[in-house]
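Taking it in order: structure first as structure tokens, then the write-up.
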Amino acid sequence: MPSREKSAHQPSARYFLGIDGGGTKTAFALADGQGRVLDRLTLGACNPNDVGFDETFRVLSEGIEAICKSYDLGEISVFAGLAGCSSKENMPRIASFLSSFGFCRYANHNDAWSAVAGALGREDGIAVIMGTGSIAYAKRGQELFRIGGYGYLFGDKGSGYAIGRDVILSALQMEDGSGEETLLHALVKDRCGEDTVLSSIDRFYEGGKREIARYAPLVFEGYLQGDAVAKRILEDNLSSIAQLIKGGGKRLVGGQIKVVLCGGLTRSAELILPLLCPMLEDEEQDYRVSVCQKEPVFGALLLAGMPAKEE
């Protein structure tokens, strides 16, 4: 993780600023040396691949200036976990931008680092992110191992996009006669607001991954109503999540392994956990699966150096 510190003659950090930026919003949180959050702020998206670097820097500047206005920047340590900012080209640009504020310490990486720190804190374990995309990270000491997350071209099973795609496809196939009868057809058509699902095909392509991922929650509705197709879609995607977890388990040493699920799909944890956990029972490792209770910006605060409060 790239970082840079001022000389020992500069003040040490008294405050900690965490920034977690994604494709829809950017969260800022400022905390003191006792781990108490002093202020919070949420602004718009800052992924430079989506909004461009001018907008990224505008959002970051606005947030930093607003949340730090009553504090000496030379006493603040900051970590920024930002989507789209982990490439060799983008990371130095963000680091250079942060250096211009005069923070006593600054560091940056992609937003997955914040999510993992928010999920696992300073413990070893596996963090699984089930958002528009899917990816897992195994944390062992200071090392972070990536498992999966290769994007929609290579499957991305267990993600909102993959489940949404399967839901829409099952509806299209029922409609054209090539697929099974499924309640998902009525659910998709109702959400589309059209006479047929096919009528919305242009909207799906224009909206891309995020538009398709909006249909993922319908799989839970279908599952609760006993729909066989919805059940198969959900089990198939969770089987891929189980494979990510098993891959992460190979990076960790026996005993109990902490596994924390993160991301929007975990809002339906009461359905996901009873299906997922049995898929892990035959392994030698003892996986203890839970759902993340911390926001990624909390992880960014920890990475900025904020002392963790005792739970």
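Every number in this text was worked out from the coordinates using simple rules, so none of it is lab data. Fair warning: this is a prediction, and the values are worked out from it, not measured in the lab. Reconstructed Cβ throughout: ideal geometry from the backbone, glycine too, with neighbour counts over all protein chains shown.
If you count, for each residue, the other Cβ atoms within 10 Å and average over each peptide, how do 92-100, 197-205 line up from highest to lowest?
Going by the mean number of other Cβ atoms within 10 Å, highest first, we get 92-100, 197-205.
When the dipole is taken about the Cα centre of segment 131-223, and only Lys, Arg (+1) and Asp, Glu (-1) are charged at their Cβ, what size is it in debye, to the nearest 20? List each step's numbers first, then the result.
On the way: 11 positive and 14 negative charges, 156 e Å.
Dipole of segment 131-223, to the nearest 20 debye: 760 debye.
Students often check this: by mean Cβ neighbours within 10 Å, which of 249-256, 111-118, 164-171, 69-76 ranks highest, and how do the rest follow?
So the order, starting with the most tightly packed, is 111-118, 164-171, 69-76, 249-256.
About its Cα centre, how strong a charge dipole does the chain have in debye, to the nearest 20, once Lys and Arg get +1 and Asp and Glu get -1 at the Cβ?
1180 debye
As a test, work out the antiparallel percent of DSSP beta bridges whose residues both lie in the chain, rounded to the nearest 5.
55 percent
Show that you can apply the helix-only estimate: for the chain, add -39,500 (n - 2.57) for every DSSP H stretch of four or more residues, divide by all residues, and state [θ] at 222 nm to the nearest 500.
The helix contribution divided over the chain gives -12500 deg cm²/dmol.
Using the basic label-point model (7 angstrom from Cα toward the beta carbon), what is the Ala186 to Lys88 distance in nanometres?
5.5 nm
Tell me the relative contact order for segment 206-311 as a rounded percent, counting alpha carbon contacts under 8 Å between residues six or more apart.
Working: 66 pairs, mean separation 26.2, N = 106.
Reported relative contact order: 25 percent.
Using only the Cα atoms of segment 1-157, each taken as one equal point scatterer with no solvent, compute I(q) by the Debye sum, divide by I(0), and report log10 of the ratio at q = 0.09 Å⁻¹.
Here the Debye-derived log intensity ratios amount to -0.29.
So in the chain, which Cys have no other cysteine's beta-carbon sitting under 4.7 angstrom from theirs?
Cys46, Cys68, Cys85, Cys104, Cys192, Cys277
Excluding Val291 itself, what net charge comes from residues whose Cβ is under 14 Å from its Cβ, given Lys and Arg +1 and Asp and Glu -1?
So the environment of Val291 carries a net charge of +2.
For the chain: lysine pairs with Cα atoms under 18 Å, gap of 8 or more or different chains, count?
Step by step, the pairs that qualify in the chain add up to 13.
Could you tell me which of Ser200, Ile94, Gly131 has its Cα farthest along the dipole of the chain towards the positive end, charges placed at Cβ (Lys, Arg +1; Asp, Glu -1), taken about the Cα centre?
Ile94
Take the Cβ-Cβ distance between Ala228 and Asn49 as r, set R0 to 45 Å, and report the resulting FRET efficiency rounded to the nearest 0.05.
Result of the calculation: an efficiency of 0.70.
Considering only the other residues whose Cβ falls under 15 Å of the Cβ of Thr132, what net charge follows from Lys and Arg at +1 and Asp and Glu at -1?
+2
Using only the alpha-carbon atoms, how far is helix 228-249 inclined from the longest principal axis of the chain? Give it as 0 to 90 degrees, nearest 10.
Approximately 40 degrees, to the nearest 10.
Quick check: residue separation of Leu73 and Glu211 times 0.36 nm, minus the Cα distance between them. What number comes out in nm?
45.7 nm
Hey, in the GNM for the chain with a 10 angstrom Cα cutoff, which one of Met91, Met279, Met174 fluctuates hardest?
Answer for the Gaussian network model of the chain: Met174.
Return one number: the angle in degrees, 0 to 90 and rounded to the nearest 10, between the long axis of the Cα atoms of helix 111-120 and the longest principal axis of the Cα atoms of the chain.
Computed tilt is about 90 degrees.
Relative contact order of the chain, please, whole-number percent, based on alpha carbon pairs below 8 angstrom and at least 6 residues apart.
Reported relative contact order: 23 percent.
Quick check for me: using +1 on Lys/Arg Cβ and -1 on Asp/Glu Cβ, what's the dipole size of segment 69-185 about its Cα centre, in debye to the nearest 20?
The dipole magnitude comes to about 660 debye.
Kindly give Rg over Rh for the chain, based on alpha-carbon atoms, with the Kirkwood expression for the hydrodynamic radius. Can you show the working numbers first?
On the way: Rg = 21.2 Å, Rh = 20.7 Å.
Taking Rg over the Kirkwood Rh, I get 1.02.
Pick from Ser178, Ser159, Ser240: which residue has the top mean-square fluctuation in a GNM of the chain where Cα pairs under 10 Å get a spring?
Of the options given, Ser178 has the highest mean-square fluctuation.
So how far, in whole Å, is the C-alpha centre of segment 222-265 from the one of segment 102-148?
If you average the Cα positions of each part, the centres end up 18 Å apart.
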